[in-house]
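Below: the structure, in structure tokens.
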Amino acid sequence: MKVEVVDIDRVRKKVEVVFPEEKIVELSEGLYEELKKHAKIKGFRPGKIPRSILTTYYKDYINEEVKKRLLEFSMADALIEAKVEPLVEPVVEFLEDNERHGYTLECEVTPEIEMPVYKGVEVEVEVIKVTDEDLDKRLDGLREMHAQMLTKEPDAEAQKGDFVIIKYQGYLNGKPVKDIVTEGYPMELGSPQAMPEFENKIYGMKSGEEKDISVDFPEDYPNKDIAKKTIVFKVMVKEIREKKLPEINDEFAKDINFENMEKAKEGLREEIKKEKENSRNQFVGQKIVETLINSADIPVPERLREKRIEGMMSEALGQFDVNSFAAEDLQNFEKNIRLDFEKKAEDRIKGDILLLKIADKEGIKQEENDVYERMKKLAEETKRSYDDVKSFYEKNGLMGYVKGSILQEKTVNFLRENAVIKEKE
């Protein structure tokens, strides 16, 4: 096997792999022997089919299978010999020369770049302060989490802040709409998620009361089956509950795992401070990488970029019920999010390349203990055993991603430690 490497440009290399005639003959003979044993051709007994007949029937299969087996047994070794690490699956082309047998691999690779000055990057940040307003918001959130939902009296009316369970059926031109029906839909009156024209008609209703509510759906409503149409909802309130928030006192402090309210406020202030520090650290890391990307010439491999965009689009579309979109609307939606993701994908790839180069230059490495600690943390967060989490990541080929993210985090930490952080006055 003869391996040669040619640079196509800064992000692509062409690896040519050529085999001697004897190797092709060896593979072909092996295939003929396999076919001789297993091929079934009318008029011939298995194992007794003449080679000329096998060639006539299976010539194309043999040619394709020889190519396939050449690639399977040699590609990994050829890339190691060529010292080429493809970022995405190489593009394979087989040599169409009767005197030369083999293939070429077009590989996208990490480019060589002129490193920017990455130590001493200046980043301006806000001073970390924990205000009384921050504490009040945290306490309000905790009170909401520990609120009791109490069933209201039968003659009580639904009002803002109440939770109501409603039953409804939607009608279009007097006929029930199949997908607009539920036996028990929970609503928090006053929440921003509710449709005002629907919610406003619920106010004042009592448990067991029924009412028809008409809603005009706008032209740009995602579900085109009801866009620009008026749907009449036959609604019945099944239950009304009011939210009772706990008082801020020592009893409540114990419910949130503090000795008393004074200790609770001290502890919550410290929690908020740590959260703000973490957010600021993340902001600083992002700003450093952003600054370095803008000051460096980093070419982006095209197929890697396209793969990233497709992954980001798939993840984004997975958050929507795309079946409810009209074909034209879905096409426009995909076009718009693609424009947004193109720049993001490009910047992420540039950041990946830059951080990899810095890690290599500074000798920053991902250690086995780092992986152990990450798996241990994931196990604790997901309330699963360490072995289960590790097995999941290994079986799904995610360990490389974990190791890469650890190396990036360590490199960003290095950059942050060597940055000049200035607090705004």
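The values are calculated or read from the model by the stated rules, or taken from the named source; none is laboratory data. In this text, all values refer to a predicted model and were calculated from it rather than measured experimentally. When we count neighbours, we look across all protein chains shown, and the Cβ atoms used for this are built from the backbone with ideal geometry, even at glycine. For the accessible areas, the whole protein counts, side chains as well, though only heavy atoms, and no ligand, DNA or RNA atoms are used. Shrake-Rupley method; radii C 1.70, N 1.55, O 1.52, S 1.80 Å.
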Complete set of residues in the stretch 210-219 that are open to solvent by 70 Å² or more (accessible area, probe 1.4 Å) and either over 29 Å from residue 323 (Cα atoms) or β-branched (Val, Ile, Thr) (or both): 210
Qualifying residue in the stretch 176-196 (condition: assigned to a helix (DSSP H, G or I), over 30 Å from residue 361 (Cβ atoms) and open to solvent by less than 60 Å² (accessible area, probe 1.4 Å)): no
Residues located in the stretch 20-65, provided they are among the hydrophobic types (A, V, I, L, M, F, W, C) and either in contact with a Ser or Thr (Cβ under 6 Å, 6 or more places away or on another chain) or assigned to a helix (DSSP H, G or I) (or both): 24, 25, 27, 31, 35, 53, 54, 62
Odd one out for residue 299 among (1) in a loop (DSSP other than H, G, I, E, B); (2) exposed (fewer than 14 other Cβ atoms within 10 Å of the Cβ); (3) of a type outside the set (S, T, N, Q): (2)
Of residues in the stretch 220-234 being open to solvent by 20 Å² or more (accessible area, probe 1.4 Å) and touching a Phe, Trp or Tyr at 6+ places or on another chain (Cβ under 9 Å), the one modelled with the lowest pLDDT: 222
Where residue 273 falls short, out of the listed (1) surrounded by 15 or more Cβ atoms within 10 Å (Cβ to Cβ); (2) in contact (Cβ under 8 Å) with a residue 12 or more places away in the chain: (1)
Long-range neighbours under 7 Å by Cβ, at least six apart or interchain, first residue among the β-branched types (Val, Ile, Thr) within the stretch 373-385, second open to solvent by less than 100 Å² (accessible area, probe 1.4 Å): 382/389
Residues satisfying the stated conditions in the stretch 165-175, i.e. among the hydrophobic types (A, V, I, L, M, F, W, C), over 35 Å from the mean Cα position of the chain (by Cα) and surrounded by 15 or more Cβ atoms within 10 Å (Cβ to Cβ): 166
Of residues in the stretch 139-150 being open to solvent by 60 Å² or more (accessible area, probe 1.4 Å) and touching a residue at least 12 places away in the same chain (Cβ under 8 Å), the one farthest from the chain's Cα centre (by Cα): 150
Within the stretch 73-161, strands (runs of 3 or more DSSP E) holding 1 or more residues that are farther than 30 Å from residue 25 by Cα and charged (D, E, K, R): 101-108, 122-125
Residue match in the stretch 216-232 (condition: more than 39 Å from the chain's Cα centre (by Cα) and free of Cβ contacts under 8 Å to residues at least 60 places away in the same chain): no
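Condition check ((1) within 29 Å of residue 308 (Cβ to Cβ); (2) open to solvent by less than 60 Å² (accessible area, probe 1.4 Å); (3) more than 37 Å from the chain's Cα centre (by Cα); (4) not polar (S, T, N, Q)) across all residues:
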| position | (1), (2), (3), (4) |
| --- | --- |
| 2 | no, no, yes, yes |
| 29 | no, no, yes, yes |
| 32 | no, yes, yes, yes |
| 41 | no, yes, yes, yes |
| 69 | no, no, no, yes |
| 76 | yes, no, no, yes |
| 92 | yes, yes, no, yes |
Evaluation of residue 263 against (1) basic (Lys, Arg); (2) modelled with pLDDT of 95 or more; (3) not in a helix (DSSP H, G or I) (one fails), failing number: (3)
Test: residue 318 is surrounded by fewer than 13 Cβ atoms within 10 Å (Cβ to Cβ) and closer than 30 Å to residue 106 by Cα: no
Close pairs from the stretch 242-260: first crowded, with 16+ Cβ neighbours inside 10 Å, partner among the aromatic types (Phe, Trp, Tyr), Cβ under 8 Å, at least 6 apart: 242/163; 246/252
Within the stretch 1-49, tally of residues that are at pLDDT 95 or above and either over 30 Å from residue 111 (Cβ atoms) or of a type in the set (Phe, Trp, Tyr) (or both): 0
